[in-house]
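The values are calculated or read from the model by the stated rules, or taken from the named source; none is laboratory data. Keep in mind the model is a prediction, meaning the values are calculated, not measured. Cβ: placed from backbone, ideal geometry, glycine included. Neighbour counts: every protein chain shown. Keep in mind that these areas ignore ligands, DNA and RNA; they rest on the heavy atoms of the full protein, side chains included. Shrake-Rupley method; radii C 1.70, N 1.55, O 1.52, S 1.80 Å.
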Amino acid sequence: MDANNKMNKPHEPQVPDGSPNIQSFIQIQALSKEFNGFKAIDQVNLNIHKGELFAILGGSGCGKSTLLRMLAGLETPSSGKIILDGEDITDWPAYERPINMMFQSYALFPHMTVEKNVAYGLQKEKIPQSEIDQRVKKMLDLVQLSDFGKRKPDRLSGGEKQRVALARALIKNPKLLLLDEPLAALDKKLREQTQFELINLQEELGVTFIVVTHDQEEAMTLASRIAVMKAGKFVQIGSPTEIYEYPKNRFVADFFGTINIFDAIVIDQDDAQITATFDQSELILKAYTHNTTNIGDKVGIAVRPEKISISKDLPVDANITISKGIVWDLAYYGNHSIYRVKTESGRIVQVSTQNHKRSSEHLVEWNDEVYLSWEQNSSIVLLD
Amino acid sequence: MANPRQALGDLLWRRIVIVLPYLWLVLFFLVPFAIVFKISFSDPIVAQPPFTPLFDQSQNFLNWFQGSLNNYLFLLEDNLYWVSYLRSIKVAFISTIFCLLLGYPMAYYIAQSPPTKRNVLLMLIILPFWTSFLLRVYAWMGILSTNGIINSMFLWTGIIDEPIQMLYTNFAVYLGIVYTYLPFMILPLYANLERLDLNLHDAAADLGGKPLQVFRDITLPVSLPGIIAGSLLVFIPAMGEFVIPALLGGLDSLMIGRTLYDEFFVNRDWPLASAVATILLLILVLPMVFFQRTQAKSVEENS
């Protein structure tokens with residue numbers, strides 16, 4: 001595979017993100033929700049495939065939780081349709097939907113033991129008690145809580161509660177599992193571990209997952225596709241790589257990790273390559289884009305910190321952009337270091353480098369004069 | 001706490017804070033009860049005080065103790081007391097049920113209201129306490145009497161031809177007790193329901209619980225401590241209630257409070273009255289002790 005070629009071409013999402021002609025497992029069609037005239041969800045379209053682990057990502061108040069609650073049936077849409085497995089479930093009450101949810105605060109029933117919490121969903125279905133017992137036992141084994149069945153929720157740790165909530169939501173074999181900030185309440189170490197457990201569980205059971213989160217890292221590691229949400233609308237839908245490497249606009253670029261954005265003016269466009277100037281030709285930026293721009297257009301040219309190399313000597317390469325500056329700030333994180341470099345125009349550029357070698361001699365130190373360089377195809381052109 | 005003197009001061013202060021409520025209980029609950037308990041073993045005499053001393057030091061020392069169980073035995077013999085006790089339990093129980101049925105939806109509604117509205121509603125619940133309790137009971141007499149507001153209105157609109165007897169009936173007693181003690185049910189219930197996590201309802205609905213099932217499976221059991229607290233706060237004072245049955249009730253609505261009053265102030269039989277009071281306290285305290293025991297046990301089982 002020609003890696004270079006792939007990198008050169010800005011990637012367009014190949015998976016459908018709204019086209020209604022493709023029969024998807026879950027179809028959200030022109031869904032809106034208004035609260036007293038405020039549009040929490042504004043004409044949203046989304047198709048999700050069976051067995052997918054899909055993430056909806058956005059800041060607080062972007063409407064992601066409202067969307068999730070509408071899927072669960074806990075909130076009634078103002079307009080639009082939700083179709084699950086070929087059935088229009090828009091008007092179904094929550095208790096009839098083959099959808100279960102894991103709540104952010106877990107919402108475990110405090111007066112019931114772990115077993116009873118997990119069994120609750122099955123008991124509402126008039127399933128014989130012997131079968132319930134069997135399925136609860138199996139589910140508790142699956143989430144490694146077999147010894148905790150008789151405990152009440154207040155006697156559990158955060159991670160244990162999370163697993164009880166997961167078991168309770170999975171026991172009815174839902175067609176769709178909704179997870180509201182599933183890892184937010186866990187500490188960092190536990191979060192990483194749980195993340196992988198969640199992915200393994202999803203692969204094992206084949207249940208379609210929709211995760212709602214404000215944490216871009218959580219979304220990227222968990223999901224096969226991500227929808228970035230802002231003010232009740234999807235800004236971009238795509239795989240984690242697409243969204244990270246080819247963000248559609250400034251909001252997405254900024255939301256996912258750190259990024260340096262140069263406000264530049266287009267001075268030339270040749271096919272897919274544009275040349276732009278930043279701060280009156282102090283810096284000439286080159287990047288690729290599918291979009292057509294005109295000379296004089298204002299664009300943002302963005303580069304991720306890890307795509308930038310830092311060196312004391314002037315790099316020799318025709319295909320790179322070079323800028324000069326002095327090290328303003330430096331942070332050592334063990335596995336990587338972050339430099340904040342002040343360019344000649346006074347702009348701070350963030351650079352991160354992997355510490356491949358165990359070198360006590362820091363090559364670059366505070367106030368060193370350095371050259372920053374990156375390849376043309378590392379730059380992203382942001383039109384808005 | 002580097003300064004040892006300060007540490008000592010803190011310790012002392014903590015001791016005082018802990019001791020104060022105990023001191024209060026001993027002085028104003030335990031000591032009076034001990035006195036009543038002591039009197040209940042004496043015999044009545046026409047004197048000041050109107051009961052025989054429990055210890056007579058003029059007797060030889062084997063006969064010092066002059067007490068007897070006569071009063072308690074008498075309570076068993078005369079069924080007036082049994083009837084009063086049972087009636088009181090019945091009235092208190094039924095009133096508690098009505099308070100719960102009325103108070104629960106009210107407390108729930110207040111707890112689910114937006115904060116500003118919530119404070120207004122709570123104010124309205126507490127507002128009657130700003131008027132004297134006795135005054136409010138008298139007001140009810142005015143409302144319920146044969147030429148009171150309700151009867152006048154019904155007569156005027158022609159719904160009835162002659163006034164309905166409402167005052168001096170059991171109905172009036174229940175109405176008075178439920179009216180008076182409703183806030184005592186609402187407030188602890190509100191305190192409990194206000195903390196209710198609505199996510200629990202969503203979770204139960206999401207797992208297939210229909211609205212009524214969600215109420216039965218989740219809301220009710222989770223609010224049980226509030227229900228128990230409110231019910232005790234209504235049941236206990238309603239059990240010993242004296243003023244309401246005396247003013248609003250008829251001749252047949254004899255409750256233990258009235259019997260107690262009559263023994264003390266009409267018959268001036270303090271020892272017998274003391275025995276009545278002691279039994280009343282036992283009736284109230286024993287179930288609570290039992291309840292606390294089982295509660296403590298279930299907490300232990302969980303840990």
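Looking at the structure I just gave you, is residue A:347 within 30 Å of residue A:214 (Cα to Cα), over 28 Å from the mean Cα position of the chain (by Cα) and in contact (Cβ under 8 Å) with a residue 40 or more places away in the chain? Working first, answer last.
Numbers: within 30 Å of residue A:214 (Cα to Cα): yes; over 28 Å from the mean Cα position of the chain (by Cα): yes; in contact (Cβ under 8 Å) with a residue 40 or more places away in the chain: yes.
Yes.
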inquiry  = For the range A:57-67: of the residues being under 20 Å from residue A:169 (Cβ atoms) and surrounded by 22 or more Cβ atoms within 10 Å (Cβ to Cβ), which is nearest to the chain's Cα centre (by Cα)?
reply    = A:64
query = With respect to residue A:275, is the statement that it is more than 15 Å from residue A:345 (Cβ to Cβ), out of contact with any His (no Cβ under 7 Å at 6 or more places or on another chain), part of a strand (DSSP E or B) and assigned by TED's automatic domain parsing to the domain that holds residue A:352 true?
reply = yes
Filtered residues of the range B:143-199 (kept if in contact (Cβ under 8 Å) with a residue 12 or more places away in the chain and on the phi > 0 side of the Ramachandran plot) = B:168
message = within 14 Å of another protein chain (Cβ to nearest Cβ) and open to solvent by less than 40 Å² (accessible area, probe 1.4 Å): which single residue out of B:197, B:269, B:206 fits that description?
response = B:206
query = Across the range A:254-270, what is the number of residues that are open to solvent by less than 30 Å² (accessible area, probe 1.4 Å) and either within 15 Å of residue A:285 (Cβ to Cβ) or charged (D, E, K, R) (or both)?
reply = 6
ask   = Here are some conditions: (1) open to solvent by less than 10 Å² (accessible area, probe 1.4 Å); (2) within 11 Å of another protein chain (Cβ to nearest Cβ). Residue B:230 meets all but one. Which one does it not meet?
value = (2)
task = Only residues that are crowded, with 19+ Cβ neighbours inside 10 Å and acidic (Asp, Glu): list them for the range A:196-244, please.
result = A:218, A:242
query = Based on what the data block shows, is residue B:289 open to solvent by 40 Å² or more (accessible area, probe 1.4 Å), aliphatic (A, V, I, L, M) and away from chain A (no Cβ under 14 Å)?
reply = yes
Helices (runs of 4 or more DSSP H) completely within the range B:1-116 that count 1 or more residues being acidic (Asp, Glu) = B:4-25, B:70-77
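Restricting attention to the range B:209-227, which residues are more than 8 Å from chain A (Cβ to nearest Cβ) and outside any helix (DSSP H, G or I)?
The one that is more than 8 Å from chain A (Cβ to nearest Cβ) and outside any helix (DSSP H, G or I): B:223.
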ask   = Restricted to the range A:86-105, and to residues that are in contact with a strand residue (DSSP E or B) (Cβ under 8 Å, 6 or more places away or on another chain) and open to solvent by 60 Å² or more (accessible area, probe 1.4 Å), which residue is farthest from the other protein chains (Cβ to nearest Cβ)?
value = A:88
